[in-house]
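Have a look at the structure below, then the notes.
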Amino acid sequence: MRILAIISGEYGQRHVDNIQKHGPNHWQVLTWKAPTALPLVIDYPEDYLPNELPQVDLIASFAELKGVAELLPDIARMTHARAVLAPIDNEAWLPRGLARQLREWLAKMGIPCATPKPLCSLTEEDYGVTRRQRMRYDDRWIAEFAHYFGQPDLRLEIDSQTRMITGVTVQRNAVCGCVRYVAERLIGISIDEAEITAGLLHHHYPCLASMGKDPDFGDTLMHVSGNVLKDNLAEQIKPYRQYWQPGESAKRIEEAGE
């Protein structure tokens, strides 16, 4: 698969570096750096595009600039792209209304477009839109990307006697690389501390998700992203949790005093 990653700053470059390092060998990731300043309304997209761009299967827009979304239909036409991935990690960069328009513009061109909010809500069949809504899609190119990068999927190895995490396998990494970063640091952690530790590690990792309160979630997209990761861990940890039964604490105190 040939991917054109569109970036405009450091965070987008981190995405590209992670994909190139941990993506499958049969992917070819190309990069185009968009202009760092664009007008509020782009009347002539050709004024801000290069004379030519390579032919690709998937466009992945990691730009930190609102106007880039308006260029995507023309970029898709130039590259003969078969699908477009334009995540919403910050409404300042891609407002929900513009994301809806973008999907409509590309649909008229026969090009599927996914706009996951945030990017790490993307799976092989759907993605997040609001707190309670997910949008399904049917496209092999976006699904192939989502097989490797998107909604965090860690597989924990847990010692049932010590209740310690002894190994972690990354089934699906976040595009930014956060999941692999967290996974490497969970080994040797008690399951009682795993979710808190994962949340702290996620919070300290450089992330594109906004720290401003998002109206669709009533929370910051940074926190939404962290909760997606912690939910993945919680399901696996649940069978190993220990719960106190009523009266058990008093019984333990009595036994300790004997």
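The values are calculated or read from the model by the stated rules, or taken from the named source; none is laboratory data. Not measured: the values here are computed from a predicted model. For neighbour counting, all protein chains shown are included, and Cβ atoms are generated from backbone atoms with ideal geometry for every residue, glycine included.
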Original post:
Inside segment 61-111, can you point out the residues that are β-branched (Val, Ile, Thr) and part of a loop (DSSP other than H, G, I, E, B)?
Top reply: 88, 111
**OP:** Taking the residues in segment 187-215 that are outside any helix (DSSP H, G or I) and touching a Lys or Arg at 6+ places or on another chain (Cβ under 7 Å) as candidates, determine which candidate is surrounded by the most Cβ atoms within 10 Å (Cβ to Cβ).
**Re:** 190
Original post:
Which condition number does residue 243 fail, the rest of (1) part of a loop (DSSP other than H, G, I, E, B); (2) surrounded by 12 or more Cβ atoms within 10 Å (Cβ to Cβ); (3) at pLDDT below 90 being met?
Top reply: (2)
Subject >> Output for segment 154-181, where each listed residue is of a type in the set (Ser, Thr, Tyr) and assigned to a strand (DSSP E or B) >> reply: 166, 169
Original post:
Right, residue 184: closer than 22 Å to residue 13 by Cβ and in a helix (DSSP H, G or I) or not?
Top reply: yes
Subject >> Of the criteria (1) polar (S, T, N, Q); (2) part of a loop (DSSP other than H, G, I, E, B); (3) over 26 Å from residue 231 (Cα atoms), which one residue 151 fails >> reply: (3)
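Which residue out of 172, 163 is among the basic types (Lys, Arg) and at pLDDT 95 or above? Give the steps one after another, and end with the answer.
Values: 163 fails: at pLDDT 95 or above.
That would be 172, the only listed residue that is among the basic types (Lys, Arg) and at pLDDT 95 or above.
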**OP:** Would you mind stating whether residue 63 is of a type in the set (A, V, I, L, M), modelled with pLDDT under 95, under 20 Å from residue 112 (Cβ atoms) and surrounded by 14 or more Cβ atoms within 10 Å (Cβ to Cβ)?
**Re:** yes
